[in-house]
Amino acid sequence: MDGFQVNLTEAVCLGASLALSGICYYVYRKSRTTVEDLDKAPHFTIDRRLKDILKVTPGASLQYAVVEGVVKPEGEPLKSDFHKEISGVLQKFLLREHRLVWNGFSRRWTDDERVLHERVNTTPFFLVGSDETAVRVLCPLQASGRHMEVIYERFHQVNYGLSDLVGQYLSGQKPKGQLEIEEILKVGTTLTGVGELIVDTDGTLNLRPPSDGSEYFLSLGDFDTLRGEKESEAVCWKTLAVAFALAGTAVLVWVGLRYYRCLQVRRELEKERREFERLQTEAPRLPVTVGPEAEGDNHMDNICVICLTQPRNCILLDCGHVCCCYTCYQALPQCRCPICRQRINRVVPIYHT
């Protein structure tokens, strides 16, 4: 592409759109694979027959299976810090600070938040079926899905004094307050688990993260709700991947159109150059009348006003000015006469007798 360059904005837009499209497509394929794994996963009821099924399965395990049961602690349950009557097996406390931060680039205050404290407590628990058959849940903190519910949420607003306001403007930070959140997986909650089912050496049933790298789920909703969420997530990432790919395609089309126009301009210039050379070759045999700008014996009067080196050898039409050489005419940034700024429609050579 001699004489044609992709500008920085086009290169950045093209690179960013292709990179983002690739990232979104990768996440989409990962989400799509998870949905396909969920569709292929067998559903089992937690009862006495489940252990018999696993015993006759190779390796006494099912790589990916769906079970649903009621949460029951193995020992003493955890107590809520704010509601003593609520007990659970997973507990998470989060203290988050909300503040305004001065953005020097946009010249405005923007919302910001940061975690000041986070605490997670766990106790071993089971998923229990209708006949009291239990499946121990392993590594629950590694599971995806919404498996804890918020039981306490309170925002503590900050009161400012005059000295605080002065300090905030000097530091560029305005604390708004602190938000306390407690989440818990309650005892007695019906929970859906998706993972690897195994029979341990002591005969207990365990649900754990799949050894093949498939996604591990614990969800308060049923299986259909869980699958619907993952399906929506996959569709969202696919839409983003297509959108970024279309943006990149649009940039490529724009660059292609610019290149095509550049080729057209170069063809026109080449055609005009050949016509100029033809006329210049035929000029000695043609009676040519030159304007007053070309007359005179002084060599400096006939010099190109642009390069001040070559003689004036072309007439710019329709204005009729004789002011430059053909090389400088071709280098003009705009096809306008450098004397009167009128548009140049045609260029013919001049012959001096």
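Some observations on this one:
- Of the criteria (1) out of contact with any helix residue (DSSP H, G or I) (no Cβ under 8 Å at 6 or more places or on another chain); (2) not in a strand (DSSP E or B), which one E196 fails: (2)
- Taking the listed residues R208, R136, R154, the one that is within 25 Å of L94 (Cβ to Cβ) and of a type in the set (K, R) is R154, with no other qualifying.
- Count of residues meeting criterion [of a type in the set (V, I, T), closer than 26 Å to L54 by Cα and in a strand (DSSP E or B)] in the range 127-153: 3
- Single residue of K72, K79 found to be closer than 28 Å to L191 by Cα and in contact (Cβ under 8 Å) with a residue 12 or more places away in the chain: K72
- Scan the range 302-328 for residues that are surrounded by 17 or more Cβ atoms within 10 Å (Cβ to Cβ), touching a Phe, Trp or Tyr at 6+ places or on another chain (Cβ under 9 Å) and either part of a helix (DSSP H, G or I) or of a type in the set (S, T, N, Q) (or both) and the total you get is 2.
- Residue within the range 8-17 that is assigned to a strand (DSSP E or B), buried (at least 16 other Cβ atoms within 10 Å of the Cβ) and of a type in the set (A, V, I, L, M, F, W, C) present: no
- Count of residues meeting criterion [under 13 Å from E180 (Cβ atoms) and hydroxyl-bearing (S, T, Y)] in the range 79-101: 1
Rule-based calculations on the coordinates, nothing more; no lab input. Being a predicted model, the structure only gives us computed values, none of them experimental. Cβ: placed from backbone, ideal geometry, glycine included. Neighbour counts: every protein chain shown.
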